[in-house]
Amino acid sequence: MTELNSVKEIGAPDVLVVGAGPTGLALALDLTRRGVHALVVERAGTLFPGSRGKGLQPRTLEVFDDLGVGDAVREASDHAPIGRIWQDGRPVGEHDMLGDAGVGGPTDTEPHPRARLLPQWRTQEILFERLTGLGGRIRFGTALTGFDQDPDGVSANLSDGSTLRAAYLVAADGGRSTVRKALDIGMTGETVDPAPMAVADVRLRPGALDRDHWHLFPGADGGFAALCPLPGTDEHQFVARTEASDALEIPAAVAALTHLSAEDVIEVRWASDFRPRAAMADRFRAGRVLLAGDAAHVHSPAGGQGLNTSVQDAYNLGWKLGQVLRHGADPALLDTYEQERQPVAAHVLGLSTRIHRGQAERGDATRQLGLGYRGGPLSEGGAGALEAGDRAPDGPLPDGRRLFDLFRGPQFTLLAVGTDAELPPVSSEFLHVHRIGPYEPYGKGLFLVRPDGYVGWAGEDATGLVRYLARLARPGSPAPAG
């Protein structure tokens with residue numbers, strides 16, 4: 001694994017991001033490409049070293065395409081192999097682990113129909129490389145030790161003795177978030193499973209198991225183990241549910257729960273244990289401090305929803321901070337972060353819990369392409385086949401490009417589909433305008449696509465569009481005229 005060094009701070013940030021996990025890195029990346037000065041502080045000396053959140057859902061793959069890391073993610077990852085079920089040392093069946101093995105290839109509207117597997121440490125390295133390539137900054141070995149906020153910003157104390165000032169602070173510091181606890185924000189939830197679980201990255205003796213299957217070992221009394229080959233590595237992720245107190249004695253646990261011997265485990269690269277829990281923060285915002293990712297919601301790993309939901313928190317919050325800090329939008333825009341993401345988190349938490357308990361199956365719901373913000377505070381109108389709040393579908397263009405190519409970047413996109421409706425004057429810096437011919441997944445009308453790929457406003461003509469856009473920028477900023 002690459003050894004990563006911190007980057008020396010230069011100047012005070014607009015946004016201080018606490019935690020260099022997928023959430024913090026994705027947020028800092030999104031902010032940096034918007035010209036927002038973000039600094040990430042991470043108490044550990046390096047990026048997280050384990051595979052923990054290894055499943056990337058189709059919606060997250062779309063997010064990564066927009067953030068400029070899609071190619072690197074696809075090159076490093078792979079689709080999930082079919083599960084092979086073992087009993088008494090013999091294969092006895094197969095199982096579609098993610099419920100998408102029968103899903104076809106890319107379509108006009110969905111370029112990434114299936115999830116992919118990628119160890120979390122590699123996902124983070126890819127985000128880190130993109131972030132620092134754009135000039136973003138991370139300080140490793142630096143913890144947030146305290147902070148105060150006032151109407152104008154946040155003053156933060158760091159473990160190296162320094163103090164810095166930022167306009168906003170975002171807690172992306174995990175399920176045990178020190179920021180959330182300092183704000184005295186409660187977590188409401190439940191224990192999903194009382195039995196402890198262990199997860200580890202292991203190297204097996206060559207030939208001990210093939211790498212073409214996700215190996216499953218059902219056990220007695222609800223225990224089980226799984227060994228999943230990790231793409232781009234010579235490792236397997238070992239996951240086990242066991243009542244044994246020595247669950248983190250990984251070679252022994254492998255021997256106890258599978259037909260392999262302890263000697264078949266030739267190296268344990270990383271290991272952790274936990275009890276599956278589902279909980280959500282009572283608030284996602286307290287003044288100039290916002291919670292994202294596991295700091296705001298913690299999931300059972302079943303269904304592969306936690307990392308994906310967290311990255312999409314960052315994607316929702318990034319453009320809103322950008323509008324407030326660079327385009328003069330009313331800071332009340334940041335209230336819509338909680339209003340939009342909290343219902344999504346609640347839905348996904350429930351789904352993960354049901355899957356863990358065997359009450360629901362992985363499939364279309366876990367791909368997250370159907371999640372949206374209909375009826376939300378930034379969803380207004382409808383036209384053709386779409387309502388405001390829907391995910392804006394992809395599609396081919398006559399010049400060989402795709403709609404997602406038009407949407408890529410930090411701007412809003414006004415799409416006129418199959419209509420000659422008159423449009424208001426707009427600034428190309430804030431809002432890009434494109435007219436295309438009829439396209440069935442949209443129908444006919446005007447569709448304002450937000451920077452995070454959802455329809456914010458839709459109508460048959462431009463009535464109400466300028467008023468809607470006025471919520472997103474102050475007069476005189478790079479925004480629509482008139």
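The values are calculated or read from the model by the stated rules, or taken from the named source; none is laboratory data. Given the structure is predicted, the values throughout are model-derived calculations rather than measurements. Heads up, the Cβs are rebuilt from the backbone with ideal geometry, glycines too, and the neighbour counts pull from every protein chain shown. Side chains included, ligands, DNA and RNA excluded: accessible areas come from the protein's heavy atoms. Shrake-Rupley method; radii C 1.70, N 1.55, O 1.52, S 1.80 Å.
Of these, 328, 304, 350, which one is open to solvent by 10 Å² or more (accessible area, probe 1.4 Å), out of contact with any helix residue (DSSP H, G or I) (no Cβ under 7 Å at 6 or more places or on another chain) and under 27 Å from residue 97 (Cα atoms)? Break it down into steps so the answer makes sense when it comes.
Numbers: 328 fails: under 27 Å from residue 97 (Cα atoms); 304 fails: out of contact with any helix residue (DSSP H, G or I) (no Cβ under 7 Å at 6 or more places or on another chain).
Exactly one of 328, 304, 350 is open to solvent by 10 Å² or more (accessible area, probe 1.4 Å), out of contact with any helix residue (DSSP H, G or I) (no Cβ under 7 Å at 6 or more places or on another chain) and under 27 Å from residue 97 (Cα atoms), namely 350.
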Exercise. Among the residues of segment 206-217, which ones are over 20 Å from residue 262 (Cβ atoms) and in contact with a strand residue (DSSP E or B) (Cβ under 7 Å, 6 or more places away or on another chain)?
Worked result: 211, 213, 214
Seminar exercise, completed: Here the residues within segment 130-143 that are open to solvent by less than 30 Å² (accessible area, probe 1.4 Å) and in a helix (DSSP H, G or I) are 131
Problem set entry | Lone qualifier among 92, 103 - being among the hydrophobic types (A, V, I, L, M, F, W, C) and either part of a loop (DSSP other than H, G, I, E, B) or surrounded by 17 or more Cβ atoms within 10 Å (Cβ to Cβ) (or both) | 103
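Name the single residue that is surrounded by the most Cβ atoms within 10 Å (Cβ to Cβ) among those in segment 197-219 being aliphatic (A, V, I, L, M) and closer than 24 Å to residue 275 by Cβ.
Here is the first cut: in segment 197-219, the residues aliphatic (A, V, I, L, M) are 197-200, 202, 204, 208-209, 216.
Still in the running and closer than 24 Å to residue 275 by Cβ: 197-200, 202, 216.
On the way: 197: 18, 198: 23, 199: 22, 200: 26, 202: 21, 216: 23.
For segment 197-219, the residue satisfying everything is 200.
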Seminar exercise, completed: Expected single match for assigned to a loop (DSSP other than H, G, I, E, B), open to solvent by less than 70 Å² (accessible area, probe 1.4 Å) and within 26 Å of residue 54 (Cα to Cα) among 98, 127 is 98
Problem set entry | Contacts under 9 angstrom Cβ, first residue in segment 139-151 being closer than 17 Å to residue 290 by Cα, partner among the hydrophobic types (A, V, I, L, M, F, W, C) and outside any strand (DSSP E or B), 6 or more apart | 144/179; 144/182; 146/182; 147/179; 147/182
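Considering only segment 144-182, state which residues are part of a loop (DSSP other than H, G, I, E, B) and over 30 Å from residue 76 (Cβ atoms).
The first filter runs over segment 144-182 and keeps only residues part of a loop (DSSP other than H, G, I, E, B), leaving 151-152, 159-162, 167, 172-177.
Scanning segment 144-182 gives 151, 152, 159, 160, 161, 162, 167.
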Seminar exercise, completed: Over segment 150-184, the set of residues of a type in the set (A, V, I, L, M) and out of contact with any Pro (no Cβ under 6 Å at 6 or more places or on another chain) is 154, 156, 158, 164, 167, 169, 170, 171, 172, 179, 182, 183
Exercise. When the residues of segment 286-297 are filtered to those that are in a strand (DSSP E or B) and crowded, with 20+ Cβ neighbours inside 10 Å, which remaining residue is farthest from the chain's Cα centre (by Cα)?
Worked result: 289
Seminar exercise, completed: Of (1) at pLDDT 95 or above; (2) closer than 27 Å to residue 361 by Cα, residue 300 satisfies every one except (1)
Exercise. Among the residues of segment 109-124, which ones are hydroxyl-bearing (Ser, Thr, Tyr) and in a strand (DSSP E or B)?
Worked result: none
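Filter segment 427-441 down to residues that are within 26 Å of the chain's Cα centre (by Cα) and more than 19 Å from residue 30 (Cα to Cα), then give me how many there are. Walk me through how you get there before you give the answer.
Applying the first criterion (within 26 Å of the chain's Cα centre (by Cα)) to segment 427-441 yields 430-432, 441.
Within this subset, residues satisfying the condition of being more than 19 Å from residue 30 (Cα to Cα) are 441.
Number of matching residues: 1.
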For this session: Please find, among 473, 479, the residue that is under 28 Å from the mean Cα position of the chain (by Cα), at pLDDT below 90, surrounded by 14 or more Cβ atoms within 10 Å (Cβ to Cβ) and within 18 Å of residue 319 (Cα to Cα).
Result: 473
Exercise. From the set of residues in segment 222-273 that are buried (at least 16 other Cβ atoms within 10 Å of the Cβ) and among the acidic types (Asp, Glu), which is farthest from the chain's Cα centre (by Cα)?
Worked result: 264
